[in-house]
């Protein structure tokens with residue numbers, strides 16, 4: 001009765017938090033692993049654990065949509081052993097962070113930190129990270145990823161994974177376990193019904209050089225790829241939505257909004273391809289000196305960014321701030 | 001007939017609980033022997049496709065990755081000849097939204113008459129030897145909080161009319177033994193979408209592709225399960241009545 005109650009409670013909680021959203025997205029490349037899993041109970045000072053038994057990579061799915069279930073001249077990862085080590089029990093359904101690896105015993109293709117090991121159930125199977133969605137960073141539970149291949153251990157899968165693992169060096173893994181014997185709260189043996197290592201959001205290439213407000217307004221993929229990083233450089237914008245709002249303003253607007261719009265584009269440039277240590281050119285420096293005469297030759301984009309933000313925050317020199325940001329934004333692709 | 005708000009609330013919670021747990025209570029456990037497999041899937045909603053492939057779900061790149069024998073022994077690839085084989089499944093069709101989660105052998109091409117179950121052929125072969133042949137029916141998808149899944153509660157009993165040809169496969173021998181004892185054969189899978197809609201009941205409403213992992217398992221014959229649940233419920237109810245009676249008796253003595 002107690003177990004049924006817990007299952008019901010978990011189910012209701014899952015319903016409330018909306019886990020397994022209606023638009024979970026998985027991107028290539030992916031790999032599937034198969035085999036068994038095992039949990040042990042905590043008895044006295046012996047801490048229980050979660051381990052994998054006879055688990056191997058059974059299939060990989062490449063970026064171009066093709067897949068393989070056998071090794072080839074450029075793929076050797078099929079059949080290699082998947083392990084979880086150091087997953088110590090922290091509760092009935094939870095385990096500590098662990099190391100997740102794919103290796104042949106001596107050569108390690110893949111290693112990463114596996115976090116948030118929390119199992120939930122639908123009443124028949126146990127799910128780890130069922131809501132895996134590459135667009136939701138909270139579901140990317142593999143971090144600190146280290147990938148290896150060499151001439152004796154070629155792997156197209158690892159190479160492709162390396163190309164898309166993203167700036168945060170995070171990808172996702174989900175696992176569905178089916179009880180063979182025992183239970184997950186104690187000693188249990190499980191069949192891995194589903195074992196999936198997901199790809200990652202495709203890396204959006206940074207634009208070549210600084211780009212104008214118009215570019216950032218219309219290039220959604222690029223804008224969204226760098227918008228969070230852009231916000232991190234700013235004291236004017238405290239959220240992506242605020243930056244997006246001012247960037248996309250249209251029609252007649254007050255000078256402060258014009259300045260914010262140019263600043264938004266400048267921040268996106270800094271977040272993507274314009275290094276803040278880049279030295280200002282003569283025209284840019286001239287405007288900067290009108291805002292603050294202290295600057296001389298060698299002043300940088302970072303200096304300009306500071307003065308533009310100070311101007312907006314202080315509600316002074318707004319037109320100069322707007323002009324300076326506009327000048328920098330169009331330095332590489334003059335319209 | 002004076003019902004308090006508290007009693008109404010408790011009754012409401014109880015009914016909700018019963019509804020929510022209905023699947024859990026009725027669910028049966030997949031048992032050994034079983035096979036694990038992976039494959040790719042592709043679904044065509046027909047918007048740009050030919051009529052023959054409209055609403056068609058197909059699978060490719062099957063890989064039987066291993067499984068467990070009745071004694072719990074795990075067998076990986078190569079250790080039972082069945083792992084060199086693959087599945088061949090007949091064409092499965094669904095229909096427009098509201099019937100999008102039900103697949104069968106009929107292509108009604110969006111007339112609203114489709115989206116019904118119907119048997120399709122199901123074989124396990126390595127191209128030379130056919131180890132197992134049967135019909136696959138009740139291909140009904142569950143698309144909910146836990147993902148897009150076929151037969152998650154192992155209650156569809158969707159593999160029927162089997163013919164066995166072990167040809168050296170211990171798995172097939174054990175499967176046949178279980179079947180002869182009255183056990184049911186169930187085929188279940190978990191879909192991972194790399195394109196197309198999924199979740200919230202919208203799976204297979206537009207072009208989609210991705211991968212699957214799943215299991216072909218046996219489940220105890222349904223009569224035993226029903227008797228077990230019914231018997232358990234009866235015992236629990238009798239115990240409750242007895243406890244209540246005792247409480248009333250001792251309560252009356254106070």
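Assorted remarks:
- Any chance residue A:163 is surrounded by fewer than 22 Cβ atoms within 10 Å (Cβ to Cβ) and either in contact with a helix residue (DSSP H, G or I) (Cβ under 6 Å, 6 or more places away or on another chain) or part of a loop (DSSP other than H, G, I, E, B) (or both): no
- Every residue from segment A:126-141 that is in a strand (DSSP E or B) and in contact (Cβ under 8 Å) with a residue 60 or more places away in the chain: A:126
- Count - residues of segment A:59-101 that are assigned to a strand (DSSP E or B), within 18 Å of residue A:28 (Cα to Cα) and free of Cβ contacts under 8 Å to residues at least 60 places away in the same chain: 4
- Selection of first residues in segment A:244-260 that are farther than 24 Å from residue A:232 by Cα and of second residues that are at pLDDT 90 or above and in a helix (DSSP H, G or I), restricted to Cβ pairs under 8 Å at least 6 apart or on distinct chains, gives the following pairs, ordered by first then second residue: A:253/A:261.
- Residue check, residue A:129 within 14 Å of chain B (Cβ to nearest Cβ) and at positive phi: yes
- Filtered by the rule that a residue be within 10 Å of another protein chain (Cβ to nearest Cβ), over 8 Å from the mean Cα position of the chain (by Cα) and in a loop (DSSP other than H, G, I, E, B), segment B:132-153 gives B:145, B:146.
- Filtered residue count, segment B:118-131, keeping only those that are crowded, with 20+ Cβ neighbours inside 10 Å and within 14 Å of chain A (Cβ to nearest Cβ): 0
- Where residue A:266 falls short, out of the listed (1) free of Cβ contacts under 8 Å to residues at least 60 places away in the same chain; (2) in contact with a helix residue (DSSP H, G or I) (Cβ under 6 Å, 6 or more places away or on another chain): (1)
- Subset tally (residues that are surrounded by fewer than 21 Cβ atoms within 10 Å (Cβ to Cβ) and farther than 16 Å from residue A:195 by Cα) for segment A:117-126: 1
- Lone qualifier among A:26, A:60 - being within 14 Å of another protein chain (Cβ to nearest Cβ), at pLDDT 90 or above and surrounded by 16 or more Cβ atoms within 10 Å (Cβ to Cβ): A:60
- Qualifying residue in segment A:224-234 (condition: more than 30 Å from residue B:29 (Cα to Cα), modelled with pLDDT under 95 and part of a loop (DSSP other than H, G, I, E, B)): yes
- Looking only at residues of segment A:41-57 that are surrounded by 14 or more Cβ atoms within 10 Å (Cβ to Cβ) and facing chain B (nearest Cβ under 10 Å), we find that the one that is nearest to residue A:165 (Cα to Cα) is A:57.
- Screening residue B:87 with (1) closer than 22 Å to residue B:199 by Cβ; (2) assigned to a strand (DSSP E or B) gives one miss only, at (1).
- Some residue of segment B:166-186 being in a strand (DSSP E or B), within 14 Å of chain A (Cβ to nearest Cβ) and at pLDDT 95 or above: yes
- Apart from one condition, residue A:177 fits all of (1) in a strand (DSSP E or B); (2) crowded, with 19+ Cβ neighbours inside 10 Å; (3) at pLDDT below 95; the exception is (3).
Residue-wise test of (1) closer than 25 Å to residue A:36 by Cβ; (2) out of contact with any strand residue (DSSP E or B) (no Cβ under 9 Å at 6 or more places or on another chain).
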residue	(1), (2)
A:137	no, yes
A:164	no, no
A:195	yes, no
A:226	no, yes
A:241	no, yes
A:245	no, yes
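- Residue in segment A:248-257 that is in contact with a helix residue (DSSP H, G or I) (Cβ under 6 Å, 6 or more places away or on another chain) and modelled with pLDDT of 95 or more present: yes
- Qualifying residue in segment B:219-229 (condition: more than 14 Å from every other protein chain (Cβ to nearest Cβ), closer than 26 Å to residue A:178 by Cα, part of a helix (DSSP H, G or I) and at pLDDT 90 or above): no
The values are calculated or read from the model by the stated rules, or taken from the named source; none is laboratory data. Quantities reported herein were computed from a predicted structural model and do not represent experimental measurements. So basically every Cβ, Gly included, is an ideal-geometry build from the backbone, and we count neighbours across all protein chains shown.
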